[in-house]
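The values are calculated or read from the model by the stated rules, or taken from the named source; none is laboratory data. Treat the numbers as computed from the prediction; the structure is a model and nothing was measured. Cβ placement follows ideal geometry from the backbone for every residue including glycine, while neighbour counts extend to all protein chains displayed.
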Amino acid sequence: MGLLVNIIIIAVIIGFAGYQIYRAVKRSKQGKCAACDYDCEAKKLLNKSKKHAL
């Protein structure tokens with residue numbers, strides 16, 4: 001019984017990790033970084049340079 005519980009827990013962890021990798025690859029194909037949801041310093045600099053280019 002304990003072995004079955006451990007296998008289920010490991011499967012859930014590996015499945016979640018695989019899902020996160022899939023999402024990161026999907027976003028990177030769209031040209032977005034993994035942190036595009038956050039207002040990081042790199043994003044601020046990019047937005048600032050786009051404003052000055054116009």
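Pairs are defined by a Cβ separation below 7 Å, a sequence spacing of at least 6 or placement on different chains, a first member in region 1-26 that is among the small types (Gly, Ala, Ser), and a second member that is surrounded by 10 or more Cβ atoms within 10 Å (Cβ to Cβ) and outside any helix (DSSP H, G or I); the pairs so defined are Ala24/Ala34. Do you know which of the residues in region 20-45 that are under 10 Å from the mean Cα position of the chain (by Cα) and polar (S, T, N, Q) is modelled with the highest pLDDT? Result: Gln20.
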